[in-house]
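Worksheet: the structure to be examined is printed underneath.
The values are calculated or read from the model by the stated rules, or taken from the named source; none is laboratory data. Every value quoted in this text rests on a predicted model; they were computed, and no experiment measured them. Positions of Cβ are generated from backbone atoms using ideal geometry, with glycine treated the same way; all protein chains shown enter the neighbour counts. Surface accessibility is based on the protein's heavy atoms, side chains included, excluding ligands, DNA and RNA. Shrake-Rupley method; radii C 1.70, N 1.55, O 1.52, S 1.80 Å.
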Amino acid sequence: MSALRRKFGDDYQVVTTSSSGSGLQPQGPGQGPQQQLVPKKKRQRFVDKNGRCNVQHGNLGSETSRYLSDLFTTLVDLKWRWNLFIFILTYTVAWLFMASMWWVIAYTRGDLNKAHVGNYTPCVANVYNFPSAFLFFIETEATIGYGYRYITDKCPEGIILFLFQSILGSIVDAFLIGCMFIKMSQPKKRAETLMFSEHAVISMRDGKLTLMFRVGNLRNSHMVSAQIRCKLLKSRQTPEGEFLPLDQLELDVGFSTGADQLFLVSPLTICHVIDAKSPFYDLSQRSMQTEQFEIVVILEGIVETTGMTCQARTSYTEDEVLWGHRFFPVISLEEGFFKVDYSQFHATFEVPTPPYSVKEQEEMLLMSSPLIAPAITNSKERHNSVECLDGLDDITTKLPSKLQKITGREDFPKKLLRMSSTTSEKAYSLGDLPMKLQRISSVPGNSEEKLVSKTTKILSDPMSQSVADLPPKLQKMAGGAARMEGNLPAKLRKMNSDRFT
């Protein structure tokens with residue numbers, strides 16, 4: 001704690017985050033009344049923390065046959081216990097079936113009873129019963145060839161069965177062994193070494209309210225072309241009355257700037273800036289206690305060692321978003337390398353953060369700065385006047401040549417634009433005048449010439465008073481300077497007046 005305060009100041013405090021996501025510690029004795037914490041009912045998640053989606057498909061009816069049309073994918077998607085059961089069952093049934101076929105051939109030819117006759121040539125030598133037929137099939141299928149049991153040339157049906165056995169065995173081996181190989185080489189287990197922080201935090205970063213969470217890679221092998229995406233799942237009702245139970249909204253985590261493309265060598269903090277385009281524009285610390293939403297995070301990349309695409313998922317509910325927290329730093333510089341301390345990967349600490357939403361902060365800023373509104377209004381009026389003049393130019397160009405001459409000269413829209421701009425500038429600069437001049441300008445019937453004359457009079461009165469307050473010697477010098485200026489030639493007086501005007 002002392003080391004953290006030396007590094008970040010006394011306003012920061014380390015908080016041990018709990019599974020509820022509140023980030024609060026129970027008060028000890030002598031720290032005020034301890035509140036009774038009511039356990040909140042666990043909310044159903046759409047995506048678990050380990051990335052499993054809590055979705056079950058029911059009432060498929062006749063659509064179940066679609067799984068058999070893609071049998072290979074169906075077997076790969078099964079759990080390991082079912083894969084092993086199907087693997088063993090398929091080989092056992094195939095071996096028993098082919099051994100039965102060899103036994104049937106021997107039985108129909110009478111080889112079982114004549115096998116010990118000296119001058120008799122059976123279909124398969126030394127096959128006397130079903131166990132011997134089964135051993136012959138295993139020796140043939142596994143290409144062992146002990147040399148004791150073998151097929152003879154006096155049995156054409158045995159030759160045909162031998163060809164069928166070879167083809168069927170190759171198909172079964174390719175299907176089952178290929179299924180097991182794909183099952184074992186799936187990059188799902190690679191996602192187990194990709195970490196996400198237990199909580200997401202909301203605090204200020206670069207002067208903006210930002211939603212942040214942390215990702216990390218435990219392996220030394222890199223994730224090539226790693227990319228991260230975020231989805232906000234929230235129920236809402238449309239203006240037409242349609243209820244959307246799981247409406248998916250995109251959270252921008254740097255798609256426009258390329259920040260979503262990650263170089264995931266050390267833990268990174270993913271940021272979503274909350275602005276007017278963000279779905280959390282109206283979210284405040286108080287409203288977050290009543291909101292219900294879920295943030296789904298999807299991290300995709302190519303495994304460097306296998307070249308296969310890997311995807312890791314997690315989610316954060318409203319209880320797992322901490323307001324006014326920041327992640328603890330985990331990277332330190334050692335001698336010749338950077339060290340990552342994963343014991344502090346999930347740790348957060350409190351930071352000063354306004355409890356208001358971005359919308360409320362903008363409204364308070366607008367109310368505290370009254371000059372912002374007139375500036376915005378004047379800019380809008382100027383923009384509208386320019387658009388009107390552009391439309392007037394388009395209409396004028398569409399008129400016949402005779403009507404164009406009647407409408408006036410070509411510089412008419414430009415003069416009108418200058419007149420409108422100077423009028424708006426005068427109206428806007430009225431607030432900068434003294435209160436006395438503002439009252440004079442607000443009186444109806446005062447023309448611009450009267451206003452200028454009164455302004456000149458008001459500005460000249462202090463100057464005359466200041467001259468009267470000067471000593472007699474300086475007054476004579478000021479009067480002499482005025483007489484000297486009056487005695488100057490007309491050309492010099494004109495140059496002097498142009499210089500100060």
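Is it the case that Ser357 is open to solvent by less than 60 Å² (accessible area, probe 1.4 Å), polar (S, T, N, Q) and at pLDDT below 95? Taking the combined requirement at face value, the residue satisfies it.
The condition of being modelled with pLDDT of 90 or more, open to solvent by less than 30 Å² (accessible area, probe 1.4 Å) and farther than 23 Å from Lys49 by Cα does not hold for Val330. A single member of Leu218, Leu168, Leu163 is touching a strand residue (DSSP E or B) at 6+ places or on another chain (Cβ under 9 Å) and not polar (S, T, N, Q), and it is Leu218.
Here is a yes/no grid of residues against (1) surrounded by fewer than 16 Cβ atoms within 10 Å (Cβ to Cβ); (2) in contact (Cβ under 8 Å) with a residue 24 or more places away in the chain; (3) closer than 16 Å to Glu318 by Cβ; (4) of a type in the set (Gly, Ala, Ser):
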{"position": "Ser221", "(1), (2), (3), (4)": "yes, yes, no, yes"}
{"position": "Ser225", "(1), (2), (3), (4)": "yes, yes, no, yes"}
{"position": "Cys230", "(1), (2), (3), (4)": "no, yes, yes, no"}
{"position": "Leu233", "(1), (2), (3), (4)": "no, yes, yes, no"}
{"position": "Leu244", "(1), (2), (3), (4)": "yes, no, no, no"}
{"position": "Leu249", "(1), (2), (3), (4)": "yes, yes, yes, no"}
{"position": "Val253", "(1), (2), (3), (4)": "no, yes, no, no"}
{"position": "Thr257", "(1), (2), (3), (4)": "yes, no, no, no"}
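When region 98-134 is filtered for residues that are over 60 Å from the mean Cα position of the chain (by Cα) and crowded, with 18+ Cβ neighbours inside 10 Å, the ones remaining, listed by number, are Trp102, Trp103, Ile105, Ala106, Asp111, Pro122, Cys123, Val124, Val127, Ser132, Ala133, Phe134.
In summary, Thr74 fulfils each of the numbered conditions (1) surrounded by 13 or more Cβ atoms within 10 Å (Cβ to Cβ); (2) more than 30 Å from Glu192 (Cα to Cα) with the single exception of condition (2).
One residue stands out in region 360-378 among those that are at pLDDT below 90 and open to solvent by less than 60 Å² (accessible area, probe 1.4 Å): the one that is nearest to Arg205 (Cα to Cα), namely Ser369. Report yes if Lys208 is farther than 28 Å from Ser343 by Cβ, surrounded by 15 or more Cβ atoms within 10 Å (Cβ to Cβ) and basic (Lys, Arg), otherwise no. Considered against the rule, which asks whether it is farther than 28 Å from Ser343 by Cβ, surrounded by 15 or more Cβ atoms within 10 Å (Cβ to Cβ) and basic (Lys, Arg), Lys208 comes out as no. Here Gln186 meets each of (1) within 26 Å of Val296 (Cα to Cα); (2) crowded, with 18+ Cβ neighbours inside 10 Å with one exception, condition (2).
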